[in-house]
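Working notes, beginning with the structure itself.
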Amino acid sequence: MHLKDKVALVTGAAQGIGKAFTQALLEKGCKVALVDLNEEVGKASKDAFDKQFDAQRTIFVPCDVSDEEKLKDAFQKTVQHFGQLDIVVNNAGVNNEKNWEITVQINLISVIRGTYLGLEYMKNENGGSGGAIVNIASLAGLLPVAYQPVYSASKHGVIGFTRSIAMAATIGNYGVRVNAICPGFVNTPILQSIDKEENMGQYSAYKQNIKDMIKFYGIIDPSLIAEGLIRILEDDTLNGEVMKITNKQGIHFHEYNSLPFQSKQQ
Ligand SMILES: NC(=O)c1ccc[n+]([C@@H]2O[C@H](COP(=O)([O-])OP(=O)(O)OC[C@H]3O[C@@H](n4cnc5c(N)ncnc54)[C@H](O)[C@@H]3O)[C@@H](O)[C@H]2O)c1
């Protein structure tokens with residue numbers, strides 16, 4: 001996909017990885033709807049982008065992605081404002097093992113809903129002109145994590161859903177590619193949640209183990225995750241792929257065995 005003048009909707013765009021995604025998309029000439037729950041930080045990020053890029057190229061849409069109606073509204077506002085939609089990045093996420101239901105709600109259910117909304121607007125059979133959806137999972141979606149079992153489960157769900165819907169997109173000739181990104185530890189405010197009892201609950205006692213793990217694997221700059229996003233968007237051959245981004249190996253893809261059942265539809 002040639003990115004100039006494409007319209008992207010990025011959830012969780014106020015800070016961290018979502019902000020880095022927005023920066024990279026703007027640098028490529030996209031227009032971006034920054035969708036986030038945090039109005040104060042979201043507006044401050046838009047203001048900062050306005051100093052660097054034409055203010056017309058971004059809108060901030062306050063939205064809790066776990067609220068079905070608000071998420072629908074955010075999509076509608078984006079399309080109304082920019083007149084089209086080409087890219088959806090389902091990035092908003094939380095780490096909460098105490099109030100773990102919201103982790104499933106935000107990290108998985110809202111990603112599924114964001115994907116379906118993206119398809120509704122972009123897929124060929126609905127009169128859309130195609131596009132790309134990128135769902136942000138985590139290495140915790142490929143590996144067990146003893147101290148973040150629900151976070152890990154939510155991210156495993158994102159990968160399973162993304163790979164499956166990507167197959168459906170091919171079979172149904174949607175014209176929309178769907179891929180996932182699995183970063184290792186990234187230097188963003190989410191890492192601070194490890195120190196908080198209200199996030200870690202019963203696993204608070206193990207925070208040092210997580211910190212040791214972070215030390216072992218190292219912390220990645222959000223700009224590298226944004227580089228991965230741009231690579232997925234620009235390469236039209238990628239669909240159903242799971243991109244891993246680590247300190248040691250940089251940007252690379254997870255390899256799966258081929259499926260035992262092969263039909264024309266796969
Ligand atoms: N930082 C890491 O180490 C890391 C590693 C792997 C995957 N990830 C994933 O990357 C994504 C981005 O995380 P980050 O590191 O930038 O975290 P972050 O906490 O810095 O940013 C997350 C953003 O999402 C927003 N958000 C949270 N809940 C929301 C909701 N209900 N509705 C709308 N917006 C909401 C927050 O306001 C925030 O702006 C998440 O899905 C996270 O799980 C992060």
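If a residue must be touching a Leu at 6+ places or on another chain (Cβ under 6 Å) and either within 19 Å of V186 (Cβ to Cβ) or buried (at least 20 other Cβ atoms within 10 Å of the Cβ) (or both), how many such residues does the range 23-34 contain?
3
Which of the residues spanning the range 191-204 are more than 15 Å from the ligand (Cβ to nearest atom) and of a type outside the set (F, W, Y)?
E197, G201, Q202, S204
Only one of these is aliphatic (A, V, I, L, M) and free of Cβ contacts under 8 Å to residues at least 12 places away in the same chain: A168, A180. Name it.
A168
Out of L108, L142, L117, I need the residue that is in contact with a Lys or Arg (Cβ under 7 Å, 6 or more places away or on another chain) and either touching a residue at least 40 places away in the same chain (Cβ under 8 Å) or away from the ligand (no atom under 14 Å from the Cβ) (or both). Which one? Step through it out loud before you land on a result.
Numbers: L108 fails: in contact with a Lys or Arg (Cβ under 7 Å, 6 or more places away or on another chain); L142 fails: in contact with a Lys or Arg (Cβ under 7 Å, 6 or more places away or on another chain).
It is L117.
Identify all residues within the range 145-190 that are small (G, A, S), over 23 Å from E97 (Cβ atoms) and either near the ligand (Cβ under 10 Å from one of its atoms) or part of a helix (DSSP H, G or I) (or both); write none if there are none. Show your work before the answer.
Going residue by residue through the range 145-190, those that are small (G, A, S) are 146, 152-154, 157, 160, 164, 166, 168-169, 172, 175, 180, 184.
Remaining after also requiring over 23 Å from E97 (Cβ atoms): 164, 166, 168-169, 172, 175.
Within the range 145-190, S164, A166, A168, A169 meet the criteria.
May I ask you to list pairs of residues, at least six apart or on different chains, whose Cβ atoms are under 8 Å apart, with the first in the range 215-243 being within 14 Å of F21 (Cβ to Cβ) and the second being of a type in the set (F, W, Y) and in a helix (DSSP H, G or I)?
If the second residue must be of a type in the set (F, W, Y) and in a helix (DSSP H, G or I), the pairs left are I225/F21; A226/F21; L229/F21.
Name the single residue that is surrounded by the most Cβ atoms within 10 Å (Cβ to Cβ) among those in the range 126-140 being within 13 Å of Y116 (Cα to Cα) and of a type in the set (S, T, N, Q).
Restricting to residues being within 13 Å of Y116 (Cα to Cα) and of a type in the set (S, T, N, Q), the top hit is N135.
Read-outs throughout are calculated quantities, based only on the coordinates presented, and are distinct from any laboratory measurement. Quick caveat: nothing in here was measured; it's all calculated off a predicted structure. For neighbour counting, all protein chains shown are included, and Cβ atoms are generated from backbone atoms with ideal geometry for every residue, glycine included.
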